[in-house]
Amino acid sequence: MNDEQMAVIMPLIIFGGEAKSSAIEAIRAAKESDFDKADERIEAASKAIVEAHHGQTELLTKAANGEEVAVSIYMVHAQDHLMTGIEFVDLAREIIELYKVIAKK
């Protein structure tokens, strides 16, 4: 694992974790009926996912161009963080919508 590979992998971990954290904050805000804050935190989570995808796209492009992309525990960890972040954001959107329905009653 070289520095160039770590420079791509670390943002996947960081932004994936940031997306998950922001999604959790969004759910907590919705639970308190603060839907403006919930929407703002979901937007932040979505932006973090986009940033993480930039790194993932870079790796996929290298592989598609025939460059060797080493698979390491760091790479697996990074992909795990990204996928968890994506799933949390998707789930948070649904939970927020449920809180909105409950708030209308």
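Cut-off 10 angstrom, C-alpha nodes, Gaussian network model of the chain. Which of Glu87, Glu67, Glu43 fluctuates the most? Of Glu87, Glu67, Glu43, the most mobile in the Gaussian network model is Glu67. Between 0 and 90 degrees, the angle of helix 35-64 with respect to the longest Cα principal axis of the chain falls at about 20 degrees.
Counting lysine pairs in the chain whose alpha carbons fall under 23 angstrom apart, excluding pairs fewer than 8 residues apart on the same chain, gives 13. Computed over the range 23-105, the range of Cα coordinates on each principal axis works out to 57, 19, 15 Å, biggest value leading.
Sorted by accessible area (1.4 Å probe), largest first, how do Met6, Met83, Met75 line up?
On the way: Met6 45, Met83 95, Met75 20 Å².
Highest to lowest solvent-accessible surface, that is Met83, Met6, Met75.
In the chain, the longest principal axis of the Cα atoms and the axis of helix 3-31 are about 10 degrees apart. Out of Ser22, Ser33, Ala48, whose Cα points farthest toward the positive end of the dipole of the range 1-82 (charges: +1 Lys, Arg; -1 Asp, Glu; placed on Cβ)? Comparing the listed Cα positions along the dipole, Ser33 ranks first. So how tilted is helix 73-104 from the main axis of the chain? Cα-based, degrees 0 to 90, rounded to 10. The helix 73-104 is inclined about 10 degrees to the chain.
The values are calculated or read from the model by the stated rules, or taken from the named source; none is laboratory data. If you're wondering where the values come from, they're calculated on a predicted model, not measured in any experiment. So basically every Cβ, Gly included, is an ideal-geometry build from the backbone, and we count neighbours across all protein chains shown. Calculation scope for accessible area: heavy atoms of the full protein, side chains included, ligands and nucleic acids excluded. Shrake-Rupley method; radii C 1.70, N 1.55, O 1.52, S 1.80 Å.
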